[in-house]
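Worksheet: the structure to be examined is printed underneath.
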Amino acid sequence: MPDLATHVGLLYVFVRLFQPKLTIFSRKPYLFVILCLGTILPDVLTRVPLVILAREVFFFFAPLHTPVLLFLTCYLTSMLFEVNLRKSIFIILIFGAALHLFLDSLQKTIGDNGYPWFFPFSLKTFNFGLFWPTESIFFIPIILITIIVIHLLKK
């Protein structure tokens, strides 16, 4: 699901469904914002430079959409926060990024254009191939209806 709306929408559904166990988001709403940042982080790191710079440099930023470099990026990002918050910020960012990668792994790719999940140790790509990236637009209404139903039921 390549678009940010489906990533954040499904994250919201997940958090709302498990909110009794995730009371931390009720007490500290800014953590949900950080979780959303973690969820969109892989695309922000790879797509924004692609739009600003050029397609020719995409190969330089593409590895930022892999688990090892996302782990490093989340760690470095957590260092921007106060010492007592760093561990929880890091865990929340990693969870958001992992959800993003999981959702991306469900899409189909043409040829060997998948994500190299074990970069820099291997360039082998893998995807489950359940739907094409452009089909994510069809999931948005379903996600919105689910969000509305969950919101109405939780009131």
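Annotations
- Estimated Rh, the range 63-153: Kirkwood, alpha-carbon pairs, angstrom: 15.3
- Near the amide H of Phe126, within less than 5 Å, lie the amide hydrogens of Tyr115, Trp117, all on another chain or at least 5 residues away, with H placed in the peptide plane.
- Shown for the chain is the translational diffusion coefficient from the Stokes-Einstein equation, using the Kirkwood radius over Cα pairs, a temperature of 25 °C and a viscosity of 0.890 mPa s: 147 µm²/s.
- Taking the Cα centre of the chain as reference, the dipole from Cβ charges on Lys and Arg (+1) and Asp and Glu (-1) amounts to some 660 debye.
- Val15 paired with Lys87, simple spin-label distance in nm, labels 7 Å along Cα-to-beta-carbon: 2.2
- Of all segments of the chain bounded by chymotrypsin sites (Phe, Trp or Tyr not before Pro) found in a DSSP loop with no more than 15 other C-beta atoms within 10 Å, the longest spans 19-80.
- Options Tyr115, Leu130, Phe14, ranked by Cα towards positive dipole end of the chain, top entry (Cβ charges): Phe14
- Neighbour counting of Cβ atoms within 10 Å sorts the residues Leu35, Leu72, Leu85, fewest neighbours leading, into Leu72, Leu85, Leu35.
Laboratory data are not the source of any read-out in this text; all were calculated from the coordinates shown. Because the structure is predicted, anything quoted here is derived from the model rather than measured. Every residue, glycine among them, receives a Cβ derived from its backbone with ideal geometry; neighbour counts consider all protein chains shown.
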